Amino acid sequence: MRIAINSYPFNKYFHDGPKVFLDRLADSIINQKLAKITSNYSPNYDVALFSVTKKFSFFKPYFLRVDGIYFDKFNSKTGTEFENKKIFTSIEGAHGVIFISEFCKKIVEKFHKKIQKPFKIIHNGVPLNLFRPYGVNYRKKLGFSKKDKVLVTSA
């Protein structure tokens, strides 16, 4: 089986959420020898995986990774309704949807409609080798004392 993933192969210096997710997924599929990964710019694939909106799919089945919808209270770009219409139309045409959280699924259903097709929630996990309680302690380098409380967040 050949799976087309949009923007594959990925630019390793560009790290937005959807690209990081798709890169990790592609690596996992390749490492487990589950399928061949290819670009969506060539029609030689069986199924595609797109992030946010449908890209050109050569009329083949596709799945969509959704990480939210568009909000702009000033409608300063092209407008909230216009941007969300592209996302909702892509969801409608997809054979299945991957959401990054239960919240993401709920917000899509609140502003669009209940998802009536196969879906899965796959959280964007932080690589444990980057953020873990064991490893280099940067307190001194960053000027924190042992008494200072430090909160590390990732979004």
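The values are calculated or read from the model by the stated rules, or taken from the named source; none is laboratory data. Given the structure is predicted, the values throughout are model-derived calculations rather than measurements. Glycine also receives a Cβ, built like all others from the backbone with ideal geometry; neighbour counts cover every protein chain displayed. Quick note on the areas: whole protein, heavy atoms, side chains included, nothing else; ligands and nucleic acids left out. Shrake-Rupley method; radii C 1.70, N 1.55, O 1.52, S 1.80 Å.
Overview of values
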{"read-out": "Unmet requirement for residue 54, which otherwise passes all of (1) open to solvent by 30 Å² or more (accessible area, probe 1.4 Å); (2) free of Cβ contacts under 8 Å to residues at least 40 places away in the same chain", "value": "(2)"}
{"read-out": "For residue 71: the one exception among (1) touching a Ser or Thr at 6+ places or on another chain (Cβ under 8 Å); (2) open to solvent by less than 90 Å² (accessible area, probe 1.4 Å); (3) free of Cβ contacts under 8 Å to residues at least 12 places away in the same chain", "value": "(2)"}
{"read-out": "Residue 81 being modelled with pLDDT of 95 or more and either open to solvent by less than 40 Å² (accessible area, probe 1.4 Å) or not in a loop (DSSP other than H, G, I, E, B) (or both)", "value": "no"}
{"read-out": "Hits in segment 17-45 (condition: out of contact with any helix residue (DSSP H, G or I) (no Cβ under 9 Å at 6 or more places or on another chain), over 30 Å from residue 82 (Cα atoms) and open to solvent by 60 Å² or more (accessible area, probe 1.4 Å))", "value": "24, 27, 30, 31, 32, 33, 44"}
{"read-out": "Any chance residue 42 is more than 18 Å from the chain's Cα centre (by Cα), within 23 Å of residue 10 (Cα to Cα), part of a loop (DSSP other than H, G, I, E, B) and at pLDDT below 90", "value": "yes"}
{"read-out": "Residue in segment 88-100 that is under 18 Å from residue 16 (Cα atoms), open to solvent by 30 Å² or more (accessible area, probe 1.4 Å) and out of contact with any Ser or Thr (no Cβ under 9 Å at 6 or more places or on another chain) present", "value": "yes"}
{"read-out": "Residue count, segment 84-121 (criterion: touching an Asp or Glu at 6+ places or on another chain (Cβ under 8 Å) and part of a helix (DSSP H, G or I))", "value": "1"}
{"read-out": "Candidates 133, 127, 118 - the one that is out of contact with any helix residue (DSSP H, G or I) (no Cβ under 6 Å at 6 or more places or on another chain), at pLDDT 90 or above and not hydroxyl-bearing (Ser, Thr, Tyr)", "value": "118"}
